[in-house]
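*Asks:* I'd like to ask you about the structure that follows.
Where a number appears in this text, it was derived from the coordinates with a stated rule and is not lab data. Values in this document were obtained by computation on a predicted structure and should not be read as measured data. Quick reminder, even Gly has a Cβ in these numbers, built from the backbone with ideal geometry, and neighbours come from all protein chains shown.
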Amino acid sequence: MTQKCVEVLGISCILAALSLSACQTTPTLDCTGAGVALIDDLRPTACNYTCNDTAWALPACTTDTVETLPDHGALHIDMAKTITYTELPPASGSHRAVWAKWGQYSFLWPQRWVHNMEHGGVALLYDPCLDPATVAKLHDFAKNWRDSAGNKLHYVLTPFPKLPQPIMAVAWTHRWGAACLMTSNLDAWLKVHAGQGPEGSIAMPGSYQDGWLAD
């Protein structure tokens, strides 16, 4: 059995009643995470986050976008229930009880990283077609970023399909985006919004790490 059917939350196990046959099914997914239930939530490789669009090209990078979105709350949703987000990528909302280990991922579902944002973290997202060199620069920027007090950035970095901008940063109720890595603009945005989740800034990493690649 290669698929996890039970998630451990401290000493509690939930949803042990899922059958083996259910765990082995492979339904078609909405890979934006717009509505993802347990069976999808625990299959981080179910979506192909490589670029399959040969016509994709970066738009002109002239300016960045900054958005403030409604606060949709921060409920912890049982693994048996589907989570649906109003905006994609989400900047708040319900999520799973176990948050993700900080760092870079091959893919991380939003219902995990929204919990990281509740803890003051930032989700750094990029279009799957973005060139690897720019992704590496984004990762390097995140690892080395410090605020004015010298505090490092608590972040998760993951590809995400159908982004409004090829590169986006998402904090609780706030989004930043650009067609290129505008480091000075992103730095200024992070100094305002990083560490500002509903629960403040929590450095402790989560135990969810499927798809984790590096710090």
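*Asks:* Of these, Ala80, Ala100, which one is of a type in the set (A, V, I, L, M, F, W, C), within 15 Å of Gly211 (Cα to Cα) and touching a residue at least 24 places away in the same chain (Cβ under 8 Å)?
*Replies:* Only one candidate qualifies: Ala100.
*Asks:* Among all residue pairs at least 6 apart or on different chains, which show Cβ distances below 7 Å where the first residue, located in the stretch 146-169, is aromatic (Phe, Trp, Tyr) and the second is surrounded by 14 or more Cβ atoms within 10 Å (Cβ to Cβ) and in a loop (DSSP other than H, G, I, E, B)?
*Replies:* Once the first residue is aromatic (Phe, Trp, Tyr) and sits in the stretch 146-169, its partners that are surrounded by 14 or more Cβ atoms within 10 Å (Cβ to Cβ) and in a loop (DSSP other than H, G, I, E, B) give Tyr155/Trp102; Tyr155/Gly121; Phe160/Pro89.
*Asks:* Okay, next question. Scan the stretch 53-64 and report the pairs whose first residue is within 13 Å of Asp127 (Cβ to Cβ) and touching a residue at least 24 places away in the same chain (Cβ under 8 Å) and whose second residue is among the β-branched types (Val, Ile, Thr) and surrounded by 10 or more Cβ atoms within 10 Å (Cβ to Cβ), with Cβ atoms within less than 9 Å and a gap of 6+ or a chain change.
*Replies:* The qualifying pairs are Leu58/Thr134.
*Asks:* Can you find a residue in the stretch 47-55 that is under 16 Å from the mean Cα position of the chain (by Cα) and among the small types (Gly, Ala, Ser)?
*Replies:* no
*Asks:* I've got another one for you. Right, Ile167: farther than 14 Å from Pro90 by Cα and in contact with a Cys (Cβ under 8 Å, 6 or more places away or on another chain) or not?
*Replies:* On the way: farther than 14 Å from Pro90 by Cα: yes; in contact with a Cys (Cβ under 8 Å, 6 or more places away or on another chain): yes.
It is true that Ile167 is farther than 14 Å from Pro90 by Cα and in contact with a Cys (Cβ under 8 Å, 6 or more places away or on another chain).
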